[in-house]
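> Got a structure here, written out as structure tokens. Questions coming.
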Amino acid sequence: MKNINVKLDNLGEIFPDNWTQEQVSKGKTTFLKRLSELTHKHYGGKIQVVPKVPVPGFNWFNVWYTPGVSKVSTNIRDSNNTSFDLSNRGNLVAVVSDSTRVLGDGDCTPPGGLGVMEGKAFLMKYLGGIDAVALCIDSKGKDGKNDPEKIIDFVKMCQHSFGAVNLEDISQPNCFRVLDALREECDIPVWHDDAQGTACVTLAGLINALKLAGKQLGDAKIVFYGAGASNTTIARLIIADGGNPANMVMFDSKSSLNSSRNDIKADARFYRKWEICESTNPNNIQTIEEAMKGADVLISLSKPGPDTIKKEWVSLMASKSIVFVCANPVPEIYPYAAKEAGAFIVATGRGDFPNQVNNSLGFPGILKGALIVRAQKITDAMAITAAHSLANYAEKRGITPDNITPTMDEADVFPIEAADVAMQAIKDGVARKPVTWDEAYRMAKQDIDYSRSLTKSLCSNGFISEPPQKMLQEALDFTIKEIMG
């Protein structure tokens, strides 16, 4: 049996040598799921709360709590904005979800989203130097249906404890209503990572992919497969950044989006999809095969694959075609199959394949930048700025067809992104605490370095143990048995 190192940097080499590419791809998914289950149970989740102040002696309890803390309460009472300085509010994010659309697993019941929301909190802390808490809520009304107004009311009530809110895994169309209402009605940034975060990082990858292909965004013919929160927002940001809506066609589970889709027009809840119907596909293309002929780009966020996107469709695309297949946990077509069909660049949402287009490159830096300047909201311009920040960072250190975006282990990308976003917030007039770019970069880097050093210190001092080798082996044995039948 092959040895697995704890770093998992040899993931593609742990399976039997005679496995096909398809077996290896399926094996990675099975292995990671099983290992995740085992290690989450071992550690009891991913996040804990630790103090940030010392206790040199007994009377310090009276400083951190009553009676001393009374002065903090009255200060905040008299000027609410001092809560950002006198508490952890200025660096604290609520990760809010009703768990109705969790990754590729659909409605998982309210507590079913905790694994993902804790994961978001973990990434915010490690990558962005941000504290975060998972809040999975029940949004069902008396009729048993999920009610977006319940989420809106919840966030508005708890916003005074946080510096920002990250919405996550809320099903369509409720997610649109929730985000649009809260962006206007809250006094802190409310960010929907499935939509805005995915759009930001996808745009970053597309910018560099088009550079490598020698094509311009305004000229590119783009096909979108899937019309959920992610793809509709991706299309909107691409258009805002210079893409031509006349060159775009989007498909949902029924057919293409176009101005004759009265079923969408009739349901006011799907107003974001109707905007796409009105602005794209002027030639009323109906079939995916017709749309893919000569297409430069395919962006798919649809049903997890690997047979959702057909090789025959990819083969219809233009030369040096770009294929983004970002369904989780399994892409709509495996990268090797897309390459066999003629794709020049292939990106997925997975870190074990080249070109991971993952929200984790976006939200830690974007939220950090917004928090640094105490932004009242995150504008589309801030998200587009973040996309160009990511693309520029990657281009400066070198891009290739298999390396179009930064990776999560390139630590400096996050403070740079945070500083760029902070400057855009100031430019957009939504910042309450103006700073210079250098100040924003220094503040972000300091917090990120602190978070990483804290984790490293906890590990080196034995407070966090390494994953047991036997769990890695158990996950591998389970995977081989599953794949081999």
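> Could you give the distance between the Cα centres of the stretch 458-474 and the stretch 334-381, to the whole Å?
29 Å
> So if I take the centroid of the Cα atoms in the stretch 386-457 and the same for the stretch 137-198, what is the distance between those two points in Å?
26 Å
> Given +1 on the Cβ of Lys and Arg, -1 on the Cβ of Asp and Glu, and no further charges, what dipole in debye does the stretch 60-194 carry about its Cα centre, rounded to the nearest 20?
I would put it at about 380 debye.
> If the chain between E185 and Q446 were fully stretched, how many nm would it gain, using 0.36 nm times the residue separation less the Cα-Cα distance?
That works out to 90.8 nm of additional length.
> Per residue of the chain, what 222 nm ellipticity follows from adding -39500 (n - 2.57) for every DSSP H run with n ≥ 4, rounded to the nearest 500?
-14000 deg cm²/dmol
> Sticking with the crude label model, points 7 Å out along Cα→Cβ, report the distance from V53 to K145 in nm, one decimal please.
Each label point lies 7 Å from its Cα, and together they span 4.8 nm.
> Work out, step by step, the length gained on full extension between T436 and D219: first 0.36 nm times the residue separation, then minus their alpha carbon distance; give nm to one decimal.
Extending this stretch completely gives an extra 74.5 nm.
> Given C-alpha coordinates of the chain, what is the ratio Rg to Rh with the Kirkwood estimate of Rh? Walk me through the intermediate numbers first.
Working: Rg = 23.0 Å, Rh = 23.7 Å.
Across the chain, the Cα-based Rg/Rh ratio is 0.97.
> So, in nm, how far is label D138 from label A266 when the simple model puts each one 7 Å beyond its Cα toward the Cβ?
So the two model labels end up 3.4 nm from each other.
> To the nearest 20 Debye, how big is the dipole of the stretch 1-133 about its Cα centre, given +1 on the beta carbon of each Lys and Arg and -1 on that of each Asp and Glu?
Numbers: 15 positive and 12 negative charges, 48 e Å.
The dipole of the stretch 1-133 has a size of about 240 debye.
> Picking from S279, G119, F58, whose Cα lies most toward the positive end of the charge dipole for the chain (charges on Cβ: Lys, Arg +1; Asp, Glu -1)?
Highest projection toward the positive end goes to F58.
> Now for a different question. Among the listed pairs K273/K433; K221/K339; K125/K433; K254/K368; K26/K320; K46/K265, give every one whose C-alpha distance is greater than 31 Å.
From the list (K273/K433; K221/K339; K125/K433; K254/K368; K26/K320; K46/K265), the Cα-Cα distance tops 31 Å for K273/K433; K254/K368; K46/K265.
> Tell me, what is the FRET efficiency for D477 and K7 to the nearest 0.05, using R0 = 25 angstrom and their Cβ-Cβ distance as r?
On the way: r = 20 Å, r/R0 = 0.79.
Once rounded, the FRET efficiency stands at 0.80.
> Once the other residues with Cβ under 14 Å from the Cβ of N392 are scored (Lys, Arg +1; Asp, Glu -1), what is the net sum?
Details: positive: K211, K396, R397; negative: D241, E395, E410, D412, E417, D420.
For residues surrounding N392, the net value is -3.
> Please list, or write none, the lysines whose alpha carbon is within less than 25 Å of the alpha carbon of K142, excluding same-chain residues fewer than 8 places away.
Correct list for K142: K150, K156.
> A follow-up question, please. Quick one: putting +1 on the C-beta of Lys and Arg, -1 on the C-beta of Asp and Glu, what dipole do you get for the chain around its Cα centre, in Debye to the nearest 20? Before the final figure, lay out the partial values.
Details: 53 positive and 57 negative charges, 98 e Å.
I would put it at about 480 debye.
> Report the Cα centroid-to-centroid distance between the stretch 292-313 and the stretch 115-132 in angstrom, as an integer.
Cα centres, the stretch 292-313 to the stretch 115-132: 31 Å.
> Note the full-extension length gain between N18 and E312 as 0.36 nm times their separation in residues minus their Cα-Cα distance, in nm to one decimal.
Value of the extension gain: 103.1 nm.
Rule-based calculations on the coordinates, nothing more; no lab input. Note that the structure is predicted; figures quoted are calculated from it, not measured. Ideal geometry is used to build each Cβ from the backbone, glycine not excepted, and the neighbour counts take in all protein chains shown.
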